[in-house]
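A.B. asks: Have a look at the structure that comes next, please.
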Amino acid sequence: MQIGVSTAQSPLVSEPPLVSPALRIPLLAPSPPRLSALGGALEEIEHSGHFSNFGPVNTRFEAEIITKMFRGTGSCVTVANATLGLMLAVKQATGWRPHGKYALMPSFTFTATAQAALWCGLTPLFCDIDRDTWLPDAASEEALLRQYGDDIAVIMPNATYGNCLDVDRYDRLSRDTGVPLVIDAAAGLGSVQMNGDAFGRGSTAPMVFSMHATKCFATGEGGLIYCNDPARIAALRRMAGFGLDTARVTVMPGINAKLSEVSALQALEKLREIGPIAKRRFALQRLYARLLPGFTFQSMTGRQSGLQFASLLLPSHLAPQRANILDALARLGIGGGHYFSPHLAEHPFFRETCISGRLEVTQEVSERMVSLPLSDSLTESQVRQICASFIRICRDA
Ligand SMILES: *Cc1c(COP(=O)(O)O)cnc(C)c1O
């Protein structure tokens with residue numbers, strides 16, 4: 001999420017803070033590694049003279065995430081944020097001049113997926129989602145692939161709220177149709193597949209992960225492109241460094257998408273703690289599901305999702321009351337929201353620039369969606385309080 005993250009001491013960005021300081025239990029409470037506790041490592045960066053350009057700390061992070069999270073399989077390159085990562089991966093996958101073609105993606109995703117495609121000269125083409133998993137719907141994708149054929153330049157599924165996509169099915173779909181694949185796995189660092197692997201382990205298609213402050217794998221700004229194809233990662237690394245080769249001549253499309261050494265240090269620290277953090281956040285979401293049996297929760301396709309917030313659907317008859325319900329929660333000091341509602345096809349800019357297939361399920365799910373607090377500091381007893389309040393407010397609504 002691009003959300004203004006501000007703390008009492010330091011307003012960081014110009015976007016309005018979503019987390020109101022008046023809230024006792026905020027929707028999100030970013031907890032990136034504490035720079036103030038990294039004095040020695042920060043001094044090392046200062047002395048090394050390397051501040052960016054895939055320096056030693058970044059190199060260490062890339063190596064450690066491959067060995068620790070992906071158990072030695074695959075390659076990766078860091079990026080300054082996942083949006084730039086998506087732009088690079090789409091550009092690399094589709095070639096230099098795919099203008100006028102379509103990027104097939106769900107309407108139920110974050111703005112960045114569509115913006116990245118538009119920056120690559122593509123037109124987002126929105127498909128529907130599955131009613132239970134809230135992942136892109138296979139039948140909807142396949143119908144649009146048949147309808148638009150060669151005019152589709154790239155398939156861009158989103159791993160909704162970190163829920164695991166069937167990467168093998170997408171690989172087959174990409175092979176059968178000849179359309180390249182770029183996976184928006186932004187929330188998925190911390191997600192675990194049914195087979196116990198980190199989400200995406202071994203994927204031949206690029207998986208783009210975010211390390212934004214509001215994600216489960218929270219730093220400040222940062223991203224990672226992972227895939228089991230070292231040549232593709234090498235090309236993406238050159239593209240992230242202006243498209244320059246080792247002789248410092250421009251050999252391909254490029255941009256500056258490099259992660260700074262200080263950000264890489266935060267990523268390295270987060271990697272050390274991500275296991276228990278992701279596990280705990282997921283356990284809290286399961287507690288919500290147990291305490292709110294009258295509401296609809298996402299069907300899990302993996303063993304664990306890297307969660308940013310807790311998500312549930314209101315019963316249909318309460319959907320029109322959503323704003324009132326969230327206001328009532330806020331009055332009790334409890335933050336709430338509704339990601340990704342409005343869905344992309346409803347955003348003014350995307351209405352003018354994108355096209356859609358049928359979006360019945362997307363429409364219904366997004367109208368009923370409610371996001372509830374989740375953070376590293378949230379306690380079980382707070383979840384119980386939130387649920388008791390939520391049930392009472394919904395009953396009175
Ligand atoms: C957070 C998010 C992004 C953008 O990630 P940044 O690192 O903030 O650029 C893209 N897609 C989805 C689905 C996201 O949730």
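The values are calculated or read from the model by the stated rules, or taken from the named source; none is laboratory data. These numbers come from a predicted model, not from an experiment. Counting neighbours? That spans all protein chains shown, and the Cβs are built from the backbone with ideal geometry, glycine included. Just the protein is used for accessible areas: all its heavy atoms, side chains included, with ligands, DNA and RNA removed. Shrake-Rupley method; radii C 1.70, N 1.55, O 1.52, S 1.80 Å.
A.B. asks: How large is the dipole of the chain about the Cα centre if only Lys and Arg carry +1 and Asp and Glu carry -1, each at its Cβ, rounded to the nearest 20 debye?
C.D. replies: Using Cβ point charges on Lys, Arg, Asp and Glu, the chain gives about 620 debye.
A.B. asks: Ok, one more. I'd like the trypsin sites (Lys or Arg not before Pro) in segment 117-173 restricted to DSSP loop residues with at most 16 other Cβ atoms within 10 Å, sorted by number.
C.D. replies: Arg131
A.B. asks: With a ≥ b ≥ c the root eigenvalues of the C-alpha gyration tensor of the chain, is it rounded (a/c under 1.5), prolate (a/b larger than b/c) or oblate?
C.D. replies: Cα axes put the chain in the oblate bin.
A.B. asks: Can you list the residues, at least 5 places off or on another chain, whose amide H is less than 5 Å from the amide H of Val79, using H built in the peptide plane?
C.D. replies: Gly223, Leu224, Ile225
A.B. asks: Could I ask something else about it? Going Cα to Cα from Lys279, which aspartates and glutamates come in below 13 Å? Please leave out same-chain ones fewer than 8 positions away.
C.D. replies: Of all the aspartates and glutamates, those that pass the test against Lys279 - Cα under 13 Å, at least 8 places apart if same chain - are Asp376.
A.B. asks: What is the extension gain from Gln321 to Asp176, computed as 0.36 nm multiplied by their sequence separation minus the C-alpha to C-alpha distance, in nm to one decimal?
C.D. replies: Using 0.36 nm per residue and subtracting the Cα-Cα distance, I get 47.7 nm.
A.B. asks: Take the solvent-accessible surface of the protein heavy atoms, probe 1.4 Å, and return the percent of it on the chain that carbon and sulfur atoms account for.
C.D. replies: For the chain, the apolar C and S fraction of the accessible surface comes to 53 percent.
A.B. asks: Another question, if that's okay. List every DSSP H helix in the chain whose Cα atoms extend 20 Å or more along the helix's own long axis and whose mean Kyte-Doolittle hydropathy is at least 0.0.
C.D. replies: None pass (Cα extent of 20 Å or more, hydropathy at least 0.0).
A.B. asks: Could you tell me which trypsin sites (Lys or Arg not before Pro) in segment 26-78 are loop residues by DSSP with no more than 15 other beta carbons within 10 angstrom of their beta carbon?
C.D. replies: Qualifying residues, ordered by number: Arg34, Arg71.
A.B. asks: Let me ask another. For segment 265-389, build the charge dipole from Cβ charges (+1 Lys, Arg; -1 Asp, Glu) around the Cα centre, then report which of Ile277, His338, Phe295 sits farthest towards its positive end.
C.D. replies: Ile277
A.B. asks: Kindly identify segment 27-154 as rounded, prolate or oblate by the Cα gyration tensor criterion: order the square roots of the eigenvalues as a ≥ b ≥ c, call it rounded if a/c is under 1.5, otherwise compare a/b with b/c, prolate if a/b is larger, else oblate.
C.D. replies: It comes out prolate by the Cα gyration axes.
A.B. asks: For Thr73 and Ile355, what does the FRET efficiency come to when R0 = 41 Å and r is the distance between their Cβ atoms, rounded to the nearest 0.05?
C.D. replies: Rounded to the nearest 0.05, the efficiency is 0.65.
A.B. asks: Taking a threshold of 26 Å on the Cα-Cα distance, which of the pairs Lys68/Lys258; Lys215/Lys258; Lys101/Lys258; Lys91/Lys258; Lys91/Lys270 fall above it?
C.D. replies: The answer is Lys101/Lys258; Lys91/Lys270.
A.B. asks: Rounded to the nearest Å, what's the spacing between the alpha carbon centres of segment 78-128 and segment 322-397? Just the number, please.
C.D. replies: Rounded to whole Å, the Cα centres lie 26 Å apart.
A.B. asks: Can you give the helix-only mean residue ellipticity at 222 nm for the chain, where every DSSP H stretch with n ≥ 4 adds -39500 (n - 2.57) and the sum goes over all residues, rounded to the nearest 500 deg cm²/dmol?
C.D. replies: -11500 deg cm²/dmol
A.B. asks: With every protein chain left in place, what is the accessible area per residue of the chain in square angstrom, probe 1.4 Å?
C.D. replies: 42
A.B. asks: Ordering Asp229, Asp151, Asp396, Asp197 by accessible area with a probe of 1.4 Å, largest first, what comes out?
C.D. replies: Ranking Asp229, Asp151, Asp396, Asp197 by accessible area, largest first, yields Asp396, Asp151, Asp229, Asp197.
A.B. asks: Rounded, prolate or oblate, given the Cα gyration tensor of segment 252-397, with a/c below 1.5 counting as rounded?
C.D. replies: It comes out oblate by the Cα gyration axes.
A.B. asks: Here is a follow-up. Of all beta bridges DSSP finds with both residues in the chain, what is the antiparallel percent, to the nearest 5?
C.D. replies: If I count the DSSP bridges inside the chain, around 55 percent turn out antiparallel.
A.B. asks: Amide H of Ile152 versus every other amide H placed in the peptide plane: which residues, excluding those fewer than 5 positions away on the same chain, fall under 5 Å?
C.D. replies: When sequence neighbours closer than 5 places are left aside, the close amide H contacts are Tyr102.
A.B. asks: While we're on this one: Considering amide H positions built from the backbone, and no H for Pro or chain starts, which residues 5 or more places from Ala310, or on another chain, come under 5 Å of its amide H?
C.D. replies: Residues meeting the amide H criterion: Leu372, Leu374.
A.B. asks: Also, quick follow-up: For His47, His343, what's the largest-to-smallest order of accessible area, 1.4 Å probe?
C.D. replies: Putting His47, His343 in descending order of accessible area: His47, His343.
A.B. asks: For segment 351-357, take each phi angle, set θ = phi - 60°, evaluate the Karplus expression 6.51 cos²θ - 1.76 cosθ + 1.60, and give the result in whole Hz per residue in order, putting x for glycine and proline.
C.D. replies: Result, ordered by residue: 4, 7, 10, 10, 10, 10, x Hz.
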